[in-house]
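Trainee: Quick one: this structure, given as C-alpha cells, is what I'll be asking you about.
The values are calculated or read from the model by the stated rules, or taken from the named source; none is laboratory data. Please read these numbers as outputs of a predicted model, since none were measured by experiment. Note: accessible area is taken over every heavy atom of the protein model, side chains too, but ligands, DNA and RNA are not part of it. Shrake-Rupley method; radii C 1.70, N 1.55, O 1.52, S 1.80 Å.
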Amino acid sequence: MPIPLATVATQFLDRADLASSTVRSYESTLMPLLQQYGRWPIELLDRTVLEDYLDGLQQLSYTTHHRHQAILQALLNFAVERGYLKANPIIRLRRRKPKAAKGEHKTDNPIRYLTPEQLEALYRAVAPDCRMHALTFLLHRSGARIAELLSTNLADLDRDRRRFPVIGKGNKRRWCFYSEDAAEILATYLRFYRDPQSEALFTAKHRVSGKVSRLSYSTAHHHWRSLTSTDPLLKRIRMHDLRHTFATERVGLMGIEELRALMGHQNIQTTLRYQKVTSERAEAIAHLAFQNLL
C-alpha cells in the first residue's frame, strides 16, 4: 500500500534521538513541502518534482535554501533506510548558488564568530536581563551548545572548579569549564533570579499559570532577539555564534586535540575549520605587519 509523504515525515520527526528544538526546526522547514505534497505517495516524488519544489523557494536566502535542501535530503535518506524508497531521488543535487542581484555572495570565512566590538555590544545589550546575562556568559566562556546548557541541572554544576558535565553529540559526556567573570554573573543569577522549584539550572515561570519549568530554547531565543534586535552590530547574530567565538579565541592558545576535546567534536576536521585564516583576520595581520615594518 502506498505510504504518503506526511506519514514518513511524522516518523522522521518522531525519532527518539532528536532534540525538541531540532524537531521544531525541522517541522517549520518541512511545512511548505507537506502542505503541497503531504498526501502524495512518497514514491511519486521524483527528482523533477522535488527540483521544481526547491526552485520555487526563491524568496529564501541561499543559505536558508541550502538548509531546506539538506533537511529534505535527510528526510528522503530516512525513507530509503525504512524501505519506502529504493534510492534518494535528489542524491548529488547541486545546491543553489548565491545571486549577485540579491546581494548574496560567498565568503572565505567558514565560521560565524563575534568580533570584540560585537561582544562588547552584546554584553551591554543583555546586561539588564540577569538570566540572559548569565546564559550569554556561560555560552561564550564555556563553548557549550545552547541545548547542552539548557539541559543542565543545578546539581550538575561544580561551582568550586567552575565546570559542568554535558552529554553532547554521539551521546558522549564531556566537561565544560567557565571563567571567573562568568562565575560572578552566574552567582548573581542563582542567588536572586533562579526559581528553586525546578531542578534546572536555567528556569522559567509561566506568566499566567505561574508554573515553573526548565527554560526552553524558544523562550531563550525570544529574549535573545528582544535584547539584540535594536543594535545594528548584533544583526543576525545567533546564540550558537558564541560557541564559534569561544573556539576561535582559543586557536593557537592550545593544541588542536585539546580544543577538540573542549568542543566535543567527533571529527577532527570540524575543529580544524577554526584554523583557517579569514579575510578579516588576514587584514588585521597585514596591518600589524605594516606597523612592525615601519
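Trainee: On C-alpha positions alone, give me the angle between the axis of helix 62-81 and the longest principal axis of the chain, in degrees, nearest 10.
Mentor: That helix lies at roughly 60 degrees to the long axis.
Trainee: If you bin every alpha carbon distance in the range 35-156 into 5 Å steps from zero, what whole percent lands in each bin?
Mentor: The calculated distribution, bin by bin, is 2, 8, 13, 14, 11, 11, 13, 12, 9, 6, 2.
Trainee: Roughly how many percent of the accessible protein surface of the chain is carbon and sulfur, given a 1.4 Å probe and a whole-percent answer?
Mentor: 52 percent
Trainee: Which value, in Å³ per residue, describes the convex hull spanned by the Cα atoms of the range 149-235?
Mentor: Details: hull volume 12.6 nm³, N = 87.
Taking only Cα atoms, the range 149-235 has a hull volume of 144 Å³ per residue.
Trainee: Another one. Just the number please: accessible area per residue for the chain, 1.4 Å probe, all protein chains included, in Å².
Mentor: Numbers: 17410 Å² over 294 residues.
Heavy-atom accessible area per residue stands at 59 Å².
Trainee: May I pose another question? Can you work out ³J(HN,Hα) from phi for every residue in the range 226-241, in order, using Karplus 6.51 cos²θ - 1.76 cosθ + 1.60 and θ = phi - 60°, giving whole Hz and x for Gly and Pro?
Mentor: For the range 226-241, the Karplus curve yields 4, 7, 9, 5, 8, 9, x, 5, 9, 4, 6, 6, 10, 4, 5, 5 Hz.
Trainee: Report ³J(HN,Hα) in whole Hz for each residue of the range 186-191, in order, from the Karplus equation J = 6.51 cos²θ - 1.76 cosθ + 1.60 where θ = phi - 60°; Gly and Pro get x.
Mentor: Taking θ as phi minus 60°, the curve returns 4, 4, 5, 4, 5, 6 Hz for the range 186-191.
Trainee: Moving on to the next point. When you take every Cα atom in the chain, what is the radius of gyration, and what is Dmax, the widest Cα pair distance, in Å?
Mentor: For the chain, the Cα radius of gyration and maximum Cα-Cα distance read 22.0, 78 Å.
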